[in-house]
1. With the convex hull built on the Cα atoms of the stretch 5-91, state its orientation-averaged projected area in nm².
2. Return an integer: the convex hull volume of the alpha-carbon atoms of the stretch 4-49, in Å³ per residue.
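FYI, it's all coordinate maths here, none of it is from the lab. Small disclaimer: the values here were computed from a predicted structure and weren't measured.
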Amino acid sequence: MTRAVATEQLPAVGSRGRLRRSVDRFPHFVADAQLTGTVTEATDSLIALRLDQFLPGSEEWDNEVCWTSDDIEAADQTVAAVFYEDVEIIGGRRQ
């Protein structure tokens with residue numbers, strides 16, 4: 001599936017996102033699809049989404065789901081591309 005160019009761009013810090021699917025961070029937690037949060041960090045090597053709802057097991061990560069180069073499965077993927085497979089941006093900065 002081909003994604004729009006925007007998927008290669010880093011999300012803006014402060015953007016609001018919703019998980020498109022469950023994200024498994026075994027053995028610590030599974031963040032269920034539809035959970036929402038705010039992007040707190042976005043670099044070529046790390047994108048973090050702090051969830052609005054407390055997620056047991058995520059305390060060590062400040063209630064954040066993180067995407068790193070460890071999540072890349074194909075040579076031509078980026079952290080941003082992997083993030084956008086899991087997250088839909090639903091709005092700008094939270095007021």
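1. Its Cα hull, projected and averaged over all orientations, spans 5.2 nm².
2. Expressed per residue, the convex hull around the Cα atoms of the stretch 4-49 is 89 Å³.
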